[in-house]
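**Q** Take this structure, written in C-alpha cells, and hold onto it; I'll ask about it next.
The values are calculated or read from the model by the stated rules, or taken from the named source; none is laboratory data. Note that the structure is a prediction, hence the values are computed from the model and not measured. Here Cβ is always computed from backbone atoms with ideal geometry, including for glycine, and neighbour counts include all displayed protein chains.
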Amino acid sequence: MRTEKSIKNVIVAFISNFLSIFISFVAQIFFVKYLGKEILGLNGLFTNVVSMLGIVELGLGTALIYHLYEPVANNDKESIKSLMKFYKKSYHLISLIIFLLGILLIPFLQLFVKTTLNINISLIFFLFIIESSSTYLLSYKRSILYAYQENYITNIIKIVYILGLNIFQIIILIILKNYFLFLLLKIGFRFLENLLITIYANKHYEFIKDKNVKPLNKKTKSDIFKKIKGLLFHKIGTYIVMGTDNIIISRFLGLVSVGIFSNYSLIINGIKNLFSQVFYSITSSVGNLLVEKNETKSFNVYNKMIFGNFWLATFCSISFFIISKPFVILWLGKEFILSKRIVFLLMIQLFLDIYGYTIGAFKNAAGIYHEDRFIPVIQSIINLIVSIILVIKMGLFGVVIGTIASYSILYFFSYPKYVYCRLFKKTLYNYYLDFSKKIAVFVFIFLITMIISEFSLTNNTIIDLIYSVVCCLVIPNALIYLFYHNTSEFNYYKYLLIKKLIKKNR
C-alpha cells in the first residue's frame, strides 16, 4: 500500500509540475511582451520579498505533518483532531502576522527597488501581501492529505489552479495589459485552490469537522515547539539563501538585471519543482518507514533513492547548461542570455539542490530540525557576506558564487552528521567516499557531454537546440549506465520499469 501510494503521488506530482512549468513558460512570453523587463524584474523581486515573510510560519506545517504520521498509522482520530485544531488556530494567527509585517515593509520599498517605472509600487506590493497572507487561512487542511499519503489530490487541484490562472492571466495581458488585474486574478485563484482542498478534506475525513476536540496534550505541544525552534533557523536560512539574490541584484544592478536573471530562475525552479514534489510526495512514505525503526531496511531504501536522485541531478543540471542558451534565444530572444560562466555556476547550484532531495526527505520524515538549527544561520551569513562583497567586483557572477559557497556547510557537515550518521549509524568516511565518487562521475559526464555538444554547433538556433537536446538525452544517460549498470541500485530501477511494462501489457 505504501509503495502504491508513493507511485501514485509521484506520477500525479510529476504531471502537475510538468503542466505548471509548461504553461509558466508560455505565460512568461506574454508577460515580457506586454509588460517588459522592469515589471518582470519587479514581479520576481516582490515574489522573493513576500516569500521571506513566510519565515513567520516557523516550519509549523512540517512539524505538524511529522506528528501526524503516528496517529494516522494507528488510526488515532482524537489525536488527529487535536493536531488539526491546533494547526488551524496557529495558521490564522500566522496569516494576520504576515499581513501586518507586509504593511510595515511598504514605507521601505524604495531602499531596495532601483527603478524608473511610473507605477504604484506600494499598491503592487500590497496585492502580493494579500495573496500571501490569505493562503494560510485555508491551506492548513492540506496536511491531513499529506499525512494520509494523498498528495496526489492536492496536485490534481493544483493542475486546475495553474491552468485556470495562467489562461485568464494571458487573456488579461493580451486584452488589457494590466498588471494589477494580473495580480488580482492570482489572489482569486489561490483562494479557489485552497477552498477545493478544504471541501475535499472535509468530505473524506469528516471527523476533522467535529466540534468536540480535546486540547493538544502538553507533551506533543512541547515537542512541536521544540521542532519549531529548530525549524525557525531553517526557515530563516532557506529564505536568506534562496530569497535574497533578487534583492541584492535589484539594489546593486537594477530591476532589468533581476528580470533577465528571473528567466533563468524560472527554468531552474521549473526543473526543481518538477522533481521536488516527487520527493516531497515520498516523504510521508519515508516517515512511515522510519517509524518501523529498522536501520538496515531504511539504509537500503536510502541507497536506492540517492542513486536515482544522483542520476536525476546529473541529467537535469548538465541538460540545463547545454540547452539553456538556444532555448532562451528561441523563447525570449538574445538580449535575455546570461554569460556561460554564470550559467555554469547555476548548473552547479541546480545539481546541489536536486541531489539534496533524498537526504532532505529522510531529514524531514525523521523530524531532525532542532539538532542542526544553527546550520542555516551559518549558511545565511556565508551567502550574504560573499554575495555582497562579490557583487560589487563581479556583478551577477559574484551573487551566484555566494549562493554556492553557502552550500558547503550542508554537504560537508550538516547532512553527514545529523542525517546520514544519525539515521543509518554509518561513518562519516562512508558518506564522504560515496559523495566524492558521485561528484567525480558528475564532472566526467559534464565534460564529455559539453565537448560533444559543442562539436557540431551551427548558427541555426533551432538546429542547435535539437542537437543539444539529443546530446543531453543520450550522453549523460549512456554514461550513467556505463558506470552503474552492475549495481543493485540500478537493477532495482530496471526491475521496477520491467515490472511496470509487463503489468501495462497484460
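**Q** Quick one: in region 449-498, which of the residues that are within 27 Å of the chain's Cα centre (by Cα) and among the polar types (S, T, N, Q) is farthest from residue 334 (Cα to Cα)?
**A** Of everything passing the filter in region 449-498, 477 is farthest from residue 334 (Cα to Cα).
**Q** Mind telling me which of the residues 101, 111 ends up being surrounded by fewer than 20 Cβ atoms within 10 Å (Cβ to Cβ), closer than 17 Å to residue 60 by Cβ and not charged (D, E, K, R)? So that I can check it myself, show each step before the final result.
**A** Details: 111 fails: closer than 17 Å to residue 60 by Cβ.
Only one candidate qualifies: 101.
**Q** Note down all Cβ pairs under 7 Å where the first residue falls in region 94-117 and is touching a residue at least 60 places away in the same chain (Cβ under 8 Å), the second is basic (Lys, Arg), and they're at least six residues apart or on different chains.
**A** 112/251; 114/251
**Q** Among the residues of region 338-363, how many are in contact (Cβ under 8 Å) with a residue 60 or more places away in the chain and not in a helix (DSSP H, G or I)?
**A** Summing the residues that are in contact (Cβ under 8 Å) with a residue 60 or more places away in the chain and not in a helix (DSSP H, G or I) in region 338-363 gives 1.
**Q** Inspect all residues belonging to region 254-271 and state whether any of them is buried (at least 18 other Cβ atoms within 10 Å of the Cβ) and either in contact with a Pro (Cβ under 7 Å, 6 or more places away or on another chain) or farther than 30 Å from residue 462 by Cβ (or both).
**A** yes
**Q** Further, regarding this structure: Please state which one of 119, 153, 94 is assigned to a loop (DSSP other than H, G, I, E, B) and hydrophobic (A, V, I, L, M, F, W, C).
**A** Details: 153 fails: assigned to a loop (DSSP other than H, G, I, E, B); 94 fails: assigned to a loop (DSSP other than H, G, I, E, B).
That would be 119, the only listed residue that is assigned to a loop (DSSP other than H, G, I, E, B) and hydrophobic (A, V, I, L, M, F, W, C).
**Q** Here's something else I'd like to know. Look through region 58-71, keep the residues that are crowded, with 21+ Cβ neighbours inside 10 Å, in a helix (DSSP H, G or I) and of a type outside the set (Ser, Thr, Tyr), and return whichever of them is modelled with the highest pLDDT.
**A** If we take residues in region 58-71 being crowded, with 21+ Cβ neighbours inside 10 Å, in a helix (DSSP H, G or I) and of a type outside the set (Ser, Thr, Tyr), then 68 is modelled with the highest pLDDT.
**Q** Next question. Contact list please: Cβ distance under 7 Å, first residue in region 72-88 and at positive phi and among the hydroxyl-bearing types (Ser, Thr, Tyr), second residue assigned to a helix (DSSP H, G or I) and surrounded by 14 or more Cβ atoms within 10 Å (Cβ to Cβ), pairs at least six apart or on different chains.
**A** Hits for this filter: zero, empty list.
**Q** With under 17 Å from residue 47 (Cβ atoms) and more than 24 Å from the chain's Cα centre (by Cα) as the only criterion, which of 179, 161, 200 stands out?
**A** Working: 161 fails: more than 24 Å from the chain's Cα centre (by Cα); 200 fails: under 17 Å from residue 47 (Cβ atoms).
After applying the criteria, what remains is 179.
**Q** What number of residues within region 73-94 satisfy the criterion of being touching a Phe, Trp or Tyr at 6+ places or on another chain (Cβ under 6 Å) and surrounded by fewer than 21 Cβ atoms within 10 Å (Cβ to Cβ)? It would help to see each step written out before you state the result.
**A** Applying the first criterion (touching a Phe, Trp or Tyr at 6+ places or on another chain (Cβ under 6 Å)) to region 73-94 yields 77, 87-88, 91, 94.
In the following step, the residues that additionally are surrounded by fewer than 21 Cβ atoms within 10 Å (Cβ to Cβ) were identified as 77, 88.
Of the residues in region 73-94, 2 are touching a Phe, Trp or Tyr at 6+ places or on another chain (Cβ under 6 Å) and surrounded by fewer than 21 Cβ atoms within 10 Å (Cβ to Cβ).
**Q** Still on this structure, please answer the following. What pairs can you find where one residue is in region 473-491 and in contact (Cβ under 8 Å) with a residue 60 or more places away in the chain and closer than 17 Å to residue 304 by Cβ, the other is of a type in the set (S, T, N, Q) and in a helix (DSSP H, G or I), and their Cβ atoms are less than 7 Å apart, with a gap of 6+ or different chains?
**A** Within 7 Å, the pairs are 480/314; 489/303.
**Q** Right, something else. Just to verify a result, which residue in region 334-378, among those that are under 18 Å from the mean Cα position of the chain (by Cα) and among the polar types (S, T, N, Q), is modelled with the highest pLDDT?
**A** The qualifying residue modelled with the highest pLDDT is 349.
**Q** Here's something else I'd like to know. Looking only at region 394-425, count every residue that is part of a helix (DSSP H, G or I), over 19 Å from the mean Cα position of the chain (by Cα), over 15 Å from residue 377 (Cβ atoms) and not small (Gly, Ala, Ser) and tell me the total.
**A** Of the residues in that region, 14 qualify.
**Q** Name, by its number, the condition in (1) β-branched (Val, Ile, Thr); (2) surrounded by 13 or more Cβ atoms within 10 Å (Cβ to Cβ); (3) within 25 Å of residue 469 (Cβ to Cβ) that does not hold for residue 419.
**A** In the conditions (1) β-branched (Val, Ile, Thr); (2) surrounded by 13 or more Cβ atoms within 10 Å (Cβ to Cβ); (3) within 25 Å of residue 469 (Cβ to Cβ), residue 419 misses (3) alone.
**Q** Ok, one more. Residues of region 24-41 being within 18 Å of the chain's Cα centre (by Cα) and modelled with pLDDT of 90 or more, which ones?
**A** Residues of region 24-41 that are within 18 Å of the chain's Cα centre (by Cα), as a first pass: 24-25.
25 - this is the single residue of region 24-41 that is within 18 Å of the chain's Cα centre (by Cα) and modelled with pLDDT of 90 or more.
**Q** Now a separate question. Report, ordered by the first and then the second residue, all pairs with beta carbons closer than 9 Å, sequence separation of six or more or different chains, a first member in region 370-381 that is farther than 26 Å from residue 222 by Cα, and a second member that is part of a loop (DSSP other than H, G, I, E, B) and at pLDDT below 85.
**A** 380/244
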